[in-house]
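Note sheet for the following structure.
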């Protein structure tokens with residue numbers, strides 16, 4: 001199997017329309033969106049574009065999936081914010097900022113948009129649904145059409161090792 005990777009840099013909102021036009025012209029097979037302020041703010045535009053072009057799109061943050069992207073895999077922003085909120089408290093209690101460790105995210109999320117899956121005509125393997133599935137039905141079948149749950153770092157690392165088998 002031979003894959004061609006085309007990189008499209010989007011540094012400001014004006015770049016987005018130009019790069020989406022290039023993707024449309026080149027008839028890319030899928031879209032992997034790197035996290036940036038521009039791609040986060042314009043995630044719905046990117047998700048709608050991908051769906052219109054019948055391209056699966058993978059993003060880093062869950063909000064894109066809620067806005068119509070196919071899949072997200074990335075750190076839980078809520079967990080990052082919650083953990084980051086402890087730093088000012090520690091500093092106010094006398095800890096020197098230089099003594100505080102730099103931490104990596106501990107919780108990652110996989111989220112699927114089932115409506116987008118159906119619209120693209122994709123069949124998701126049961127193993128991915130099980131990994132992205134939640135433990136309770138309220139979390140599993142959300143009103144916004146997504147399906148997902150948080151993953152620990154260890155589970156997240158396992159997910160990456162077999163990602164080629166996720167989609168049929």
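Observations on the model:
- Hey, residue 18 within 28 Å of residue 123 (Cα to Cα), out of contact with any helix residue (DSSP H, G or I) (no Cβ under 9 Å at 6 or more places or on another chain) and in a helix (DSSP H, G or I) or not: no
- Annotation: residue 51 fulfils all but one of (1) surrounded by 16 or more Cβ atoms within 10 Å (Cβ to Cβ); (2) within 15 Å of the chain's Cα centre (by Cα); (3) within 28 Å of residue 26 (Cβ to Cβ); (4) touching a residue at least 24 places away in the same chain (Cβ under 8 Å); the unmet one is (2).
- Of the listed requirements (1) closer than 24 Å to residue 115 by Cβ; (2) in a loop (DSSP other than H, G, I, E, B), residue 48 misses just one: (2).
- Remark: pairs (first residue in segment 88-108, on the phi > 0 side of the Ramachandran plot and at pLDDT 90 or above; second residue surrounded by 12 or more Cβ atoms within 10 Å (Cβ to Cβ) and outside any helix (DSSP H, G or I); Cβ separation under 9 Å; 6+ apart in sequence or on different chains) are absent.
- Number of the exception - residue 83 against (1) within 18 Å of the chain's Cα centre (by Cα); (2) part of a helix (DSSP H, G or I): (1)
- A residue that is touching a strand residue (DSSP E or B) at 6+ places or on another chain (Cβ under 6 Å) and assigned to a helix (DSSP H, G or I) occurs nowhere in segment 68-76.
- For segment 90-108, the count of residues that are touching a helix residue (DSSP H, G or I) at 6+ places or on another chain (Cβ under 9 Å) and closer than 29 Å to residue 52 by Cβ is nonzero.
- Residue 64 being surrounded by 18 or more Cβ atoms within 10 Å (Cβ to Cβ), in contact with a strand residue (DSSP E or B) (Cβ under 7 Å, 6 or more places away or on another chain), at pLDDT 85 or above and not in a loop (DSSP other than H, G, I, E, B): yes
- Of all residues in segment 21-45 being outside any helix (DSSP H, G or I) and buried (at least 18 other Cβ atoms within 10 Å of the Cβ), the one that is modelled with the highest pLDDT: 42
The values are calculated or read from the model by the stated rules, or taken from the named source; none is laboratory data. Just so you know, these numbers come straight off a predicted model, no measurement behind them. Here the Cβ is made from the backbone with ideal geometry for all residues, glycine too, and neighbour counts use every protein chain on show.
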